[in-house]
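Right, one structure below, let's go through it.
The values are calculated or read from the model by the stated rules, or taken from the named source; none is laboratory data. Nothing here was measured: the structure is a model prediction, and the numbers come from that model. Cβ: placed from backbone, ideal geometry, glycine included. Neighbour counts: every protein chain shown.
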Amino acid sequence: MLGIGAYKQRLPRPEDALPGRATEMPLRNRHHVLDAPLRDAFPGMARVQFGMGCFWGAERVFWTLPGVVSTAVGYAGGYTPNPTYREVCSGQTGHAEVVQVVYDPAKLGFDALLKAFWERHDPTQGMRQGNDAGTQYRSAIYCETQAQYDAAIASRDAFQQRLREAGLGTITTDIVYPAPAFHYAEDEHQQYLSKNPAGYCGLGGTGVSCPIGLAGA
């Protein structure tokens, strides 16, 4: 019998995914850094989901950007509803670890988010990020609008050229519109590196700068 953790490098078929549950994870609905809600309609704001490997360090990248209203970590891109962290780490949900970023488009352009995304991780590693191996660590951009999607594709192509010039590999980032459902992670993972300043952060970029001046979304 295949045990939990046996599906680290390939996505499961929908019929093989863990069943999950109908109930969302309990959540203290307040951002530990920004003092904003985590679950909210956020009227007038825009949102997007980024997968950059372990979501602890990835979330910190975005909550530091002026114009970001709220961030939350969770799971998306797979099949299992409301999974647990352990289930996602098994590779049997199909989900990636992602950060939902809510931002004010009047104060922060989507291009600034894309620049932070591309430069702060290595998008060429497939089902891993550094020493973190598994399908949940894949690179992803899950877009809420067509404009975000178009900008993400353009930025990928521009950054790929820079990577090629630096002798680096091919981008494996999933760029998807419309964004799949976002399932909030357990409360202990929200703003983890604010609650645990000495906690693990596995983020590492390529050292290649991303071209700026992309269209906002």
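The table for this structure:
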item: Residue 113, sole failed condition from (1) closer than 26 Å to residue 92 by Cα; (2) touching a strand residue (DSSP E or B) at 6+ places or on another chain (Cβ under 7 Å); result: (1)
item: Members of segment 16-59 found to be outside any loop (DSSP other than H, G, I, E, B), under 18 Å from the mean Cα position of the chain (by Cα) and more than 14 Å from residue 103 (Cα to Cα), listed by number; result: 51, 52, 55, 56, 57, 58
item: Failed item in (1) acidic (Asp, Glu); (2) more than 14 Å from the chain's Cα centre (by Cα); (3) surrounded by 16 or more Cβ atoms within 10 Å (Cβ to Cβ); (4) closer than 20 Å to residue 39 by Cβ, with residue 111 passing the rest; result: (4)
item: Hey, residue 45 in contact with a His (Cβ under 7 Å, 6 or more places away or on another chain) and modelled with pLDDT of 95 or more or not; result: no
item: Set 173, 124: member being among the β-branched types (Val, Ile, Thr) and buried (at least 20 other Cβ atoms within 10 Å of the Cβ); result: 173
item: Cβ-Cβ under 6 Å pairs, at least 6 apart or on other chains, segment 12-29 side more than 22 Å from residue 135 (Cβ to Cβ), far side modelled with pLDDT of 95 or more and aromatic (Phe, Trp, Tyr); result: 27/184
item: Condition broken by residue 77, with the remaining ones in (1) buried (at least 23 other Cβ atoms within 10 Å of the Cβ); (2) farther than 30 Å from residue 111 by Cβ satisfied; result: (2)
item: Counted residues, segment 196-209 - those being on the phi < 0 side of the Ramachandran plot and surrounded by fewer than 14 Cβ atoms within 10 Å (Cβ to Cβ); result: 6
item: Flag if residue 69 is outside any loop (DSSP other than H, G, I, E, B), among the hydrophobic types (A, V, I, L, M, F, W, C) and closer than 15 Å to residue 138 by Cα; result: no
item: Single condition residue 144 does not satisfy, out of (1) surrounded by fewer than 16 Cβ atoms within 10 Å (Cβ to Cβ); (2) under 24 Å from residue 45 (Cβ atoms); result: (1)
item: Residue check, residue 109 in contact (Cβ under 8 Å) with a residue 12 or more places away in the chain, among the small types (Gly, Ala, Ser) and at positive phi; result: no
item: Some residue of segment 150-167 being in contact (Cβ under 8 Å) with a residue 12 or more places away in the chain and assigned to a loop (DSSP other than H, G, I, E, B); result: yes
item: Residue in segment 90-108 that is surrounded by the most Cβ atoms within 10 Å (Cβ to Cβ), counting only those that are among the small types (Gly, Ala, Ser) and closer than 17 Å to residue 77 by Cβ; result: 96
